[in-house]
Each structure stands twice: as structure tokens, then as C-alpha cells.
Amino acid sequence: MAKKILTAAVAVALLGMTACSTGAGTSGGSSDQGGKTISIGSVHPLSGSLAGVGGLMNDGAKLAVEDINAAGGIKSQNGAKLKLTDGDSKGNAQTGQSEAQRLISDGAVALVGTYQSDVTQNVASVAERSKVPFVIDVAVDDKILAQGYKNTFRIQPDASGMGTSGARDLLAMGKDTNTPIKTVSYIHIEGAFGGSVFSAFKKEAEAQGITVAKEVTYSGSSFSDATTQVTDAASVHPDVIVVTGYYPDNLLIAKAISALKPDVKAVFGIASGAFDDNSFPADAGAAAANILSANYHYSATSARAEDIRKRFQAKTGKSMETAAMLSYQAVEVIAAGLEKSGSADPAKLREAIAGISVTDPLLAFSGPIEFDERGQNKNATVIVMQVQGGKVEQVFPKSFATKDVVFPVVAK
């Protein structure tokens, strides 16, 4: 009985993925794919320093494939089943590019990935040359979609959206709590990811009257102690320390801030790979308390998302974080395209994805997943989380909140 209920739930979710355009053809799908297997390539860091999150993302994509197959596969193609084929980027852009080429050569009709912006940039170029659709689960750099690519689509907000929304949310929280924010120091990882989010934040913050008093960067490849960076950021006595980076380095930054105890009103992550991760409160201990994080996030109020997270936990023994939920969602987007097109031909699939509307997104977005002419999800939303009572809670804006925000954290 449980299996029947699950299958029905997945079927309902897929029926929610409706078409908004009629650009895709429908011929050739059922006849050439009926009873066959359709391969999707998954490129993530499965080894190296980011293997933890990469493995979770790959597992999220696998669960989506299993759920779709359990619900009857791609019905417009006579129940064709999906197969996920893994590619390990090893956290390296050239390796990710080679893996994408290998997966396409082995028959993948679409790709998902990749977590890192530089890797994603290379994979997007492969997808464009090969005319194979590529659905980005996680990678924020604006430049990825600024190339005029026709085959790449991004579900999450881009860097400009992340940085701009982060600045606006910080200012809004300050106004709501009568806590003026005049200066910030910003610590971020080097490279396209950290630099692009920082640039967008700085532009918006300064337009809103906030001074970025100090920019501090670090190399993620050789980062084992954040004391120097935090000391440097605190030296100008900012109101807030803002942080952008991946899980291992942001965990170190949180611990260094806790040890040094700078006199700030808040620690505020933007696109932080750590601060809204459910493992972070336990890993950071007391250092995690009341840290804020502006990011995309799985919907904590969605019954469908909660069901998927529970089953993921039971299957893997690990918490399903937002990045893994985005990988699950990316596979659903491809499945919706396959249903709409009635064909596994990559060109027809690309046209279908460009016009779909996923009406029951698993992320806390302002509307359905729909792509603009660049391939960017028009309704991707940034919300603010905060660690409270050893848990990550949604706190801002109020329409997404599960708890009231604590701000300022330490009054001067």
C-alpha cells in the first residue's frame, strides 16, 4: 500500500509540470523510445574536498529518477524509464568538462550539475557544442548564462540575484528591528563564485547607503584556519560580517568568529554553502548560534518536499540538503521536458524545457519554475535562514518564516 501511495504522489507531481509554449515537436517520441531507457548525465564532485555535498546531490538526482520510474516512467514515451549516469568532476573544471563529454558520448540526452561555477561554465560550453540540454542545479555565476547559450537552464537564483537580494534583505531586517546597518566587512572565497556574489552585493549595498569597509578573500584550496581573515575583517569595526563560500571554509570562518568575538551586530552568509546546511549547527556547535544566511532553500512548508526529504534520509542515512533537493528538481525539469516533447531527441527536449512551467516547486520560490530567454528561472527566490536552537529556521521574509528573526544578535 505504501508503494502505491508513493507512486500516486509522484504521478501527481509530474502532472503539475505543464507546458507554457507550443514550440516543441511531439513526433518520434513514443515510437523510438517506447520500452527503452533514457540516460541523464549527472556531473558533481564525487571525490575531493567537496565530495560530501557532491555525493548528496548525486543521491538526490538518483532518488528523482527512482521516483519517476516508480510512477510509470515517461508516459508520453510508452513508459520509457530514466537512468542516471554519474560523472565525477573531482572539483576541477577541466575534469568536469571531460566527464560531460564522456556522458554525452555514452548516450546522455541531458545533463544536470555541477555545484561549482567554474566547472559549470565548462560543462555549459560542452552542452552548447553538443546541443544537449543542461539543467544547472547549483552554480551562481552570472557569466554562465551571459554567453547566449541556448541549451543551458538554471533553477536557482544567479549571483546578481543572490548578492542584490542579500543586500536588500540585510537592510530590511535592520529597518524592521530599528538596527541601522552602515558598514560591513565581506569575506569570500576567491574565484567566479565568491567574486560575482560579492560584486552584486557591493553594488546594491552602496546604492542603499551601506559601506563595504573591507573585502577579505581566501583560497579554498589551501584554507585550514580562518583566524587571519576574520581578524582582518573585524579590524575596521563593521556592523556586520558577510560571508560567501563553501561548507568547509565557512565552517572554519564561523568557528574563528566565535573564538575572536568581534563586536558586530550579526554574521550574515550570502550563498554560503554552510550556514543553512542542516549539518552546520552540530558541526559548529556554539559557533553556529544565530548566524544568518541569505540563500535559496528547500521549502520547509511543502508537504511534497518533506516527504522526499524523509525518504532520502531513510535511504541514505543523511539529511537531504537544499543542494540535493535542487538536483532532484533538475531531474524533474528534464522529465517534464521529456513528457512534453514526447521524444528523447535532445533538440526537441531543449525546446520543451524552454517552455515548461513546474507548478509545484520544491524550493521556496515566488512562483513556478519558468525560464527566461537566457535560461534563468524567472521565479527563483532568495530567503533568509537563521540557526536557532540548534536548527536552521526560515526567518525572512515573513511569508516564508518558520521562526521570528533574532536581529541584532549582539547589541552594541
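A few points about this structure:
- Test: LYS261 is free of Cβ contacts under 8 Å to residues at least 24 places away in the same chain and within 13 Å of ILE241 (Cα to Cα): yes
- Looking only at region 330-364, and only at residues there that are at pLDDT 95 or above and of a type in the set (D, E, K, R), the one that is nearest to the chain's Cα centre (by Cα): GLU332
- Listed conditions (1) touching a helix residue (DSSP H, G or I) at 6+ places or on another chain (Cβ under 7 Å); (2) closer than 10 Å to MET385 by Cβ are all met by PHE268, apart from (2).
- For GLU373: the one exception among (1) out of contact with any Ser or Thr (no Cβ under 9 Å at 6 or more places or on another chain); (2) closer than 26 Å to GLU66 by Cβ; (3) among the acidic types (Asp, Glu); (4) in a loop (DSSP other than H, G, I, E, B): (2)
- Considering region 126-143, and only residues there that are more than 19 Å from ALA61 (Cβ to Cβ), assigned to a helix (DSSP H, G or I) and not polar (S, T, N, Q), the residue that is nearest to the chain's Cα centre (by Cα) turns out to be ASP142.
- Residue within region 172-184 that is within 24 Å of the chain's Cα centre (by Cα), without any contact (Cβ under 8 Å) to a residue 40 or more places away in the chain and outside the structural domain of VAL119 (by TED's automatic domain parsing) present: no
- Candidates THR227, THR217, THR183, THR231: the one that is out of contact with any Phe, Trp or Tyr (no Cβ under 6 Å at 6 or more places or on another chain) and under 26 Å from PRO397 (Cβ atoms) is THR183.
- Taking the criterion of being farther than 16 Å from GLU190 by Cβ, in contact with a strand residue (DSSP E or B) (Cβ under 9 Å, 6 or more places away or on another chain) and not small (Gly, Ala, Ser), the residues of region 210-241 that qualify are ILE210, THR211, VAL212, VAL230, VAL236, HIS237, PRO238, ASP239, VAL240, ILE241.
- For region 181-196, the criterion of being hydrophobic (A, V, I, L, M, F, W, C), more than 24 Å from THR322 (Cβ to Cβ) and either in a helix (DSSP H, G or I) or touching a Cys at 6+ places or on another chain (Cβ under 8 Å) (or both) is satisfied by no residue at all.
- Condition met for SER89 (at pLDDT 95 or above, within 21 Å of the chain's Cα centre (by Cα) and surrounded by 20 or more Cβ atoms within 10 Å (Cβ to Cβ)): yes
- Of all residues in region 57-110, those satisfying the criterion of being in a helix (DSSP H, G or I) and of a type in the set (S, T, N, Q) are ASN58, ASN69, SER76, GLN77, GLN94, THR95, GLN97, SER98, GLN101, SER105.
Table: residues versus (1) touching a strand residue (DSSP E or B) at 6+ places or on another chain (Cβ under 7 Å); (2) crowded, with 17+ Cβ neighbours inside 10 Å.
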| site | (1), (2) |
| --- | --- |
| LYS310 | no, no |
| ALA314 | no, no |
| ARG350 | no, yes |
| ALA364 | yes, yes |
| ASP372 | no, no |
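- Of all the numbered requirements in (1) assigned to a loop (DSSP other than H, G, I, E, B); (2) of a type in the set (Phe, Trp, Tyr); (3) closer than 30 Å to ALA256 by Cα, TYR149 misses one, and that requirement is (3).
- Exactly one residue among ALA100, ALA71, ALA61 is assigned by TED's automatic domain parsing to the domain that holds GLN313, more than 12 Å from SER42 (Cα to Cα), surrounded by 19 or more Cβ atoms within 10 Å (Cβ to Cβ) and not polar (S, T, N, Q), and that residue is ALA71.
The values are calculated or read from the model by the stated rules, or taken from the named source; none is laboratory data. None of the values given here were measured: they were computed from a predicted structure. Virtual Cβ from ideal backbone geometry, glycine too; neighbours counted across all protein chains shown.
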